[in-house]
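Here is the structure we will look at.
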Amino acid sequence: MTEAKLARLSDANPGERFRITTLKIEGTMKRRLLDLGFVPGSEITVLQKSPLGDPTAYRVSHTTIALRKEESDHIYGERIGNE
Amino acid sequence: MNKREYTIALAGNPNTGKSTLFNVLTGLRQHTGNWPGKTVIHAEGFFTYKNEEYRIIDLPGTYSLYSNSADEEVARDFIIFSKPDVTLVVLDATALERNLNLALQVLEMTDRVIICLNLMDEAKKKGIVIDIANLSKKLGVPVVPLAARNKEGIEELLETVARMVHGEINTTPLVVAYSRAIEEKIAKLLPLVKEVVGEEYPARWVALRLLDGDTSLLHALQHHPHHFLKEGATYACHCAKSV
Ligand SMILES: Nc1nc2c(ncn2[C@@H]2O[C@H](COP(=O)(O)OP(=O)(O)OP(=O)(O)O)[C@@H](O)[C@H]2O)c(=O)[nH]1
Ligand SMILES: [Mg+2]
């Protein structure tokens, strides 16, 4: 798979699944995202956006975690369609 | 010799049943307050088992102990500086993969760990089967299945805690192996860290934190000058940057 095809997690819509390829960020935010379970190779389900569009709830490794767009913007991977 | 009181810490991800277990163990013998200088709730309780006194601390639920937040810092500092006699890591048996992240972090910090596999009733309902003996063998510490809300597994847990505080359980915590590049740096740093912190702190863990540029740990260490030479901490950090 080429880099050019990678989508951002923030572009995925509710109901869609997403497989993480890479986190394009360093430092504490990367550390925090990894600790929350957003690790390369893991599969995420987009649950729902809050009424104002931000944050968005994700299902990751059997737990629901909400991320703001400024966080999900740094998570790259493949959109693998609806459940 | 005077009877001593043993200290038990409860660590784990959010929502894994730590407070439920804390309440089962302590009943009404508990009180809450704030950690000094922090807005994080501190709950402390007491219980007696087989004529021995235990103090138990309900730490904030966190996904990590790398101090990204005040909660994580409180939990980390308690394990490192208060050195509980036993740390109970409470895991959600229905989300083991996620929960093991924190368990492995705690195993890098102390070898006096008991894994509490909580929510076993939920796991059973979901058809999740866990090979407890094998998990315990792999992690190198006791693993006790629990359903804290139904008060199931409490006796076995208390018995395991008692045996651990009496030194009757030998643990061999799993050592996470990092990439060759990182292992080489750890090897370089270890003698230095041991020289500075002595036997007082887990040297491999301190080396890893320094390599990660963990400045909050450095500050915490400097505020414990009785255990840690002030200049030593800065020096060790300086060396960590150079390797
Ligand atoms: N089914 C089941 N539910 C449990 C069990 N233990 C705790 N719970 C429930 O899980 C929820 C969370 O329990 P808490 O004890 O508050 O969890 P905690 O780890 O203290 O949570 P934080 O303090 O937020 O980190 C509550 O609704 C409990 O009733 C259990 O063994 N089985
Ligand atoms: Mg709690």
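Can you check what the net charge comes to around residue B:32, using other residues whose Cβ is under 12 Å from the Cβ of residue B:32 (Lys, Arg +1; Asp, Glu -1)?
Details: positive: none; negative: B:44, B:58.
Neighbour charge sum, excluding residue B:32 itself: -2.
Based on Cα contacts under 8 Å between residues 6+ apart, chain A shows a relative contact order of 43 percent. The largest-to-smallest principal axis extents of the Cα set in the stretch B:5-165 are 44, 39, 26 Å. Each Cα pair under 8 Å and six or more residues apart adds its separation to the average, and for chain B the resulting relative contact order is 16 percent.
Among B:60, B:142, B:191, the residue with the largest mean-square fluctuation in a Gaussian network model of chain B, with springs joining Cα atoms closer than 10 Å, is B:191. Sites count as exposed loop sites when they are trypsin sites (Lys or Arg not before Pro), lie in a DSSP loop, and have at most 15 other Cβ atoms within 10 angstrom; the longest stretch of chain B without one is B:152-243. In the distance distribution for the protein assembly as shown, Cα-Cα pairs more than 24 Å apart total 60 percent.
Could you tell me what percent of the DSSP beta bridges with both partners in chain B are antiparallel, to the nearest 5?
Of all bridge pairs located within chain B, approximately 40 percent are antiparallel.
For chain B, hydrophobic long helices are taken as DSSP H runs at least 15 Å long by C-alpha position along their axis with mean Kyte-Doolittle hydropathy of 1.6 or more; none is present.
By the count of neighbouring beta-carbon atoms within 10 Å, fewest first, B:47, A:38 end up ordered B:47, A:38. A straight Cα-to-Cα reach below 19 Å connects residue B:151 with the lysines B:18, B:50, B:124, B:125, residues fewer than 8 places away in its own chain not being considered.
What does the C-alpha gyration tensor say about the overall shape of chain A? Classify as rounded when a/c is under 1.5, otherwise prolate if a/b is larger than b/c, or oblate. Here chain A falls in the rounded category.
Taking the number of Cβ atoms within 10 Å of each Cβ as an exposure proxy, the fewest-first ranking of B:178, B:49, A:58 is B:178, B:49, A:58. Sparsely packed loop sites in the stretch B:79-134 (the GluC sites (Glu not before Pro) outside DSSP H, G, I, E and B with at most 15 other Cβ atoms within 10 Å) do not occur.
Panel order for A:65, A:80, by other beta carbons found within 10 Å of each beta carbon, from fewest to most: A:80, A:65.
Read-outs throughout are calculated quantities, based only on the coordinates presented, and are distinct from any laboratory measurement. All of these numbers come straight from a predicted model, not from anything done at the bench. With ideal geometry, Cβ positions are generated from the backbone for all residues, glycine too; neighbour counts draw on all protein chains shown.
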